[in-house]
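S.K.: This is the structure, below, for whatever I ask next.
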Amino acid sequence: MSARPLLEAVGLAQRYVLPRRLFAPEAVVHAVAEASFTLEPGRTLAVVGESGCGKSTLARMVTMIEPPSGGRLLIDGADVAGADAATLKRLRGEVQIVFQDPYGSLNPRQTIGDALAEPLAINRPQTSRAERREAAAEMMRRVGLRPEYADRYPHMFSGGQRQRIAIARALMLRPRILVLDEPVSALDLSVRAQVLNLLIALQEEFGLAYLFISHDLSVVRHMADAVMVMYLGRVVEQAPREKLFAAPLHPYTRALLSATPVADPERPRARARLKGELPSPLAPPPGCAFNPRCPLAIAKCRVDRPALEWRGETRVACWVA
Amino acid sequence: MAADSTRPAAAIAAPSTLRLFWRDFAANRAAVAGLAVLVLLALAAIFADLLAPYSPYEQFRDFVRVPPVWDARGNAAFLLGTDEVGRDMLSRLIHGARLSLFIGVAVVVASLALGIVLGLVAAFFPRWPAIVILRAMDVILSVPGLLLSIVIVAIIGPSLANTIVAITIVTLPNFVRLVRAAALSEKTRDYVVAARVAGAGRLRIMFRTVLPNCMAPIIVQAALNISNAILEAAALGFLGLGAQPPTPEWGAMLASAREFLQSASWIVTLPGLAILVTVLAINLVGDGLRDALDPKMRSG
């Protein structure tokens, strides 16, 4: 717990400027604002929130697909923003990603053997073709696929198998950080558990740090060590898993938790229903972004935005909680 | 050891892509018929020197304007008759097939290669390279194709090679725009992002990741453009700006014989029929390719 974090994000922000249109002022979307967190080897940080809350933007920044527009991203102590080309190349190899849709994330015209060998061919051109094939076969075995399938194309596989392929491809460079962007939400329930268990096993074997993005709290409960709840681009609550599930502080977290189905018909259901829609990120409400939908909102919430503050092990951004 | 264990799996591999493609293609009867005609034409073109009974240039002065063999005045020595200076029509048509198919294929190969490069650049460099390329294509498109190729040939001089250059330029925008559109829609897909995260450079993503996934509509377009190129070349030949007499080019043959339309109609009809059959066959094959390769473009 005390060792230097593998990845450290400080006040990470991403804003998109929409092109000016006729008679419309320039619009700025703050997709992510002031996100700070750390990733440590062998541990999982889950990011939870509705669609449009900035989860995927966060993933794109952490994987260096998009440079953040603000804040700092340190990987292994090195600042990504100031890194030279060689360092950047090395850092890119440290962070890989698994996408939500296993049908879109594999190149339909590439055999899966080639797909797995490609990262090696690009980053370690000194390896021979045979070595790369062997490494791909080894990784296929590791994720539970028969290496004989290497010459097949993605369309010959089921969704769960494809997700295993995507995971194998992400691990080919032996990264230390894996961003999982809703890795099981496109899979049906029986396959979902297999893939999650595979991810847990791989994490133990390789000591991976996971940034696990999900909107499914029951999956998060199974996987995460710590949870970060986002609403409209901002972190509203950040807590260790047990704390978050046992004693959620932010009203939004409580609403999310109460919306998760529980397989116990005896348990009394006290649902904190949210009213209203997610506001447009183009025009977030003043004060706390959650105030129009919040059951506890007070006058102050409509004017001042609460900062993320420590409450014991939890950090929460709420005036009331 | 590991290599051995992969052997038996190859035998149980799923049906190959080629076989699946053929199954879809063969479902279209017209396309198969077109392919058969096209294969015959291609064979005739390749083996023209062996198949043609005479040289296409040899003039039999004693047998000028002999009608085809089924006419009462026909001569068994000249199956499809002779033209206005006594050249064997069959030999000229067979050699003409070689020319026409060569023009069609050469134009398409050239505009395909150029179009892929320009189209991918336009898709991946959205700033000034894309603007320059796309505006240039708009300029080409803003002039009717045949008119533009006439202008180009008028500038660089009429010949077979220049015909190919002119028609390539006229055909180019189709490919550039098609490649760009296909690449733009593929480029945002997750597998392209995954390749970038894996460290793939821009060139690799353009040609190795994105291009193979754009090929289906491009192949269809290429097939259909062969017939367009043949028609344009024939039109240029007819106008006297393409292949020059005595080259046995179908369009030029039509032009030089059009005054005999009344008296010796076969001299005009046969090259015209040859163009018709070739273009029809290619279009049928193109439609079949489209149905088999690109279900999205399927009509009806």
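The values are calculated or read from the model by the stated rules, or taken from the named source; none is laboratory data. Given the structure is predicted, the values throughout are model-derived calculations rather than measurements. Glycine gets a Cβ as well: all are built from the backbone with ideal geometry, and neighbour counts include every protein chain shown.
S.K.: Residue under question is A:L282, and the condition is that it be out of contact with any Phe, Trp or Tyr (no Cβ under 6 Å at 6 or more places or on another chain), without any contact (Cβ under 8 Å) to a residue 24 or more places away in the chain and not small (G, A, S); does it hold? So that I can check it myself, show each step before the final result.
M.R.: Values: out of contact with any Phe, Trp or Tyr (no Cβ under 6 Å at 6 or more places or on another chain): yes; without any contact (Cβ under 8 Å) to a residue 24 or more places away in the chain: no; not small (G, A, S): yes.
Answer is no for this residue.
S.K.: Would you mention how many residues in the stretch A:194-246 are over 15 Å from A:A35 (Cα atoms) and not in a strand (DSSP E or B)?
M.R.: The total comes to 32.
S.K.: Now a separate question. Name the single residue, out of those in the stretch A:62-118 being of a type in the set (S, T, N, Q) and more than 11 Å from every other protein chain (Cβ to nearest Cβ), that is farthest from A:E182 (Cα to Cα). So that I can check it myself, show each step before the final result.
M.R.: Step one: filter the stretch A:62-118 for residues of a type in the set (S, T, N, Q), giving A:63, A:69, A:87, A:96, A:100, A:105, A:107, A:110-111.
If we keep only those that are more than 11 Å from every other protein chain (Cβ to nearest Cβ) as well, we get A:69, A:87.
On the way: A:S69: 24, A:T87: 29 Å.
Top of the filtered list is A:T87.
S.K.: A further question on this structure: Taking the stretch B:240-279 only, how many residues are closer than 21 Å to B:V165 by Cβ and either more than 25 Å from the chain's Cα centre (by Cα) or among the hydroxyl-bearing types (S, T, Y) (or both)?
M.R.: So the answer is 1.
S.K.: Follow-up question, since we're still on this one. State all residues of the stretch B:69-126 that are touching a strand residue (DSSP E or B) at 6+ places or on another chain (Cβ under 9 Å) and among the aromatic types (F, W, Y); if no residue qualifies, say none.
M.R.: Answer for the stretch B:69-126, where residues must be touching a strand residue (DSSP E or B) at 6+ places or on another chain (Cβ under 9 Å) and among the aromatic types (F, W, Y): just B:F78.
S.K.: Moving to a separate point now. Does the stretch A:19-42 include one or more residues that are within 14 Å of chain B (Cβ to nearest Cβ) and β-branched (V, I, T)? Walk me through it before giving the result.
M.R.: Our first condition is that a residue be within 14 Å of chain B (Cβ to nearest Cβ); within the stretch A:19-42, this holds for A:19.
Subsequent filtering for residues that are β-branched (V, I, T) retains none.
No; the residues of the stretch A:19-42 include none that is within 14 Å of chain B (Cβ to nearest Cβ) and β-branched (V, I, T).
S.K.: Considering every residue within the stretch A:44-58, establish whether at least one is at pLDDT below 90, surrounded by 15 or more Cβ atoms within 10 Å (Cβ to Cβ) and in a helix (DSSP H, G or I).
M.R.: The answer is yes, given that some residue of the stretch A:44-58 is at pLDDT below 90, surrounded by 15 or more Cβ atoms within 10 Å (Cβ to Cβ) and in a helix (DSSP H, G or I).
S.K.: Please find, among B:L90, B:L118, B:L80, B:L50, the residue that is buried (at least 16 other Cβ atoms within 10 Å of the Cβ) and farther than 19 Å from B:F260 by Cα. Even if it seems obvious, please write down each step before you answer.
M.R.: Working: B:L90 fails: farther than 19 Å from B:F260 by Cα; B:L80 fails: farther than 19 Å from B:F260 by Cα; B:L50 fails: buried (at least 16 other Cβ atoms within 10 Å of the Cβ).
Result: B:L118 is the single residue among B:L90, B:L118, B:L80, B:L50 that is buried (at least 16 other Cβ atoms within 10 Å of the Cβ) and farther than 19 Å from B:F260 by Cα.
S.K.: Contact list please: Cβ distance under 8 Å, first residue in the stretch B:224-239 and within 15 Å of B:L273 (Cα to Cα), second residue modelled with pLDDT of 90 or more and aromatic (F, W, Y), pairs at least six apart or on different chains.
M.R.: That search, which allows pairs on different chains as well, returns B:A234/B:W250.
S.K.: Mind telling me which of the residues A:V184, A:V143 ends up being closer than 20 Å to A:G93 by Cα, crowded, with 17+ Cβ neighbours inside 10 Å and touching a Lys or Arg at 6+ places or on another chain (Cβ under 6 Å)?
M.R.: Step by step, each of A:V184, A:V143 is checked, and only A:V143 is closer than 20 Å to A:G93 by Cα, crowded, with 17+ Cβ neighbours inside 10 Å and touching a Lys or Arg at 6+ places or on another chain (Cβ under 6 Å).
S.K.: Checking the condition farther than 30 Å from B:G157 by Cβ and either of a type outside the set (F, W, Y) or touching a Leu at 6+ places or on another chain (Cβ under 7 Å) (or both), which residue from B:A235, B:A274, B:A252, B:A281 passes? First the steps, then the outcome.
M.R.: On the way: B:A235 fails: farther than 30 Å from B:G157 by Cβ; B:A274 fails: farther than 30 Å from B:G157 by Cβ; B:A252 fails: farther than 30 Å from B:G157 by Cβ.
The match here is B:A281.
S.K.: For the stretch B:10-119, which helices (runs of 4 or more DSSP H) that fit wholly inside it have 3 or more residues that are of a type in the set (G, A, S)?
M.R.: Details: elements: B:17-26, B:29-46, B:48-51.
Per the criteria, B:29-46.
S.K.: If you check A:L173 against the conditions, is it aliphatic (A, V, I, L, M), closer than 25 Å to A:V62 by Cβ and at pLDDT below 95? Spell out the reasoning first.
M.R.: Values: aliphatic (A, V, I, L, M): yes; closer than 25 Å to A:V62 by Cβ: yes; at pLDDT below 95: yes.
Against the criterion (aliphatic (A, V, I, L, M), closer than 25 Å to A:V62 by Cβ and at pLDDT below 95), A:L173 qualifies.
S.K.: Which one of these is in contact (Cβ under 8 Å) with a residue 40 or more places away in the chain, of a type outside the set (S, T, Y), farther than 28 Å from A:C294 by Cα and crowded, with 22+ Cβ neighbours inside 10 Å: A:Q163, A:Q203?
M.R.: Answer to the check: A:Q163.
S.K.: If you go through the stretch B:182-195 one residue at a time, how many are surrounded by fewer than 18 Cβ atoms within 10 Å (Cβ to Cβ) and either without any contact (Cβ under 8 Å) to a residue 60 or more places away in the chain or within 10 Å of another protein chain (Cβ to nearest Cβ) (or both)? Don't jump to the end; show me each part of the working.
M.R.: So the first thing to find is which residues in the stretch B:182-195 are surrounded by fewer than 18 Cβ atoms within 10 Å (Cβ to Cβ), and the list is B:184-185, B:188.
Now restrict to residues that are either without any contact (Cβ under 8 Å) to a residue 60 or more places away in the chain or within 10 Å of another protein chain (Cβ to nearest Cβ) (or both): B:185, B:188.
Selection size over the stretch B:182-195: 2.
S.K.: Select from the stretch A:159-190 the residues that are closer than 18 Å to A:G104 by Cβ, of a type outside the set (A, V, I, L, M) and either away from every other protein chain (no Cβ under 13 Å) or in a helix (DSSP H, G or I) (or both) and list them in ascending order. If you could, list the steps in order and put the result at the bottom.
M.R.: Step one: of the stretch A:159-190, the residues closer than 18 Å to A:G104 by Cβ are A:159-170, A:179-188.
With of a type outside the set (A, V, I, L, M) added as a condition, the list becomes A:159-164, A:169, A:181-183, A:185, A:188.
If the condition is that a residue be closer than 18 Å to A:G104 by Cβ, of a type outside the set (A, V, I, L, M) and either away from every other protein chain (no Cβ under 13 Å) or in a helix (DSSP H, G or I) (or both), then A:G159, A:G160, A:Q161, A:R162, A:Q163, A:R164, A:R169, A:S185, A:D188 are the ones that fit.
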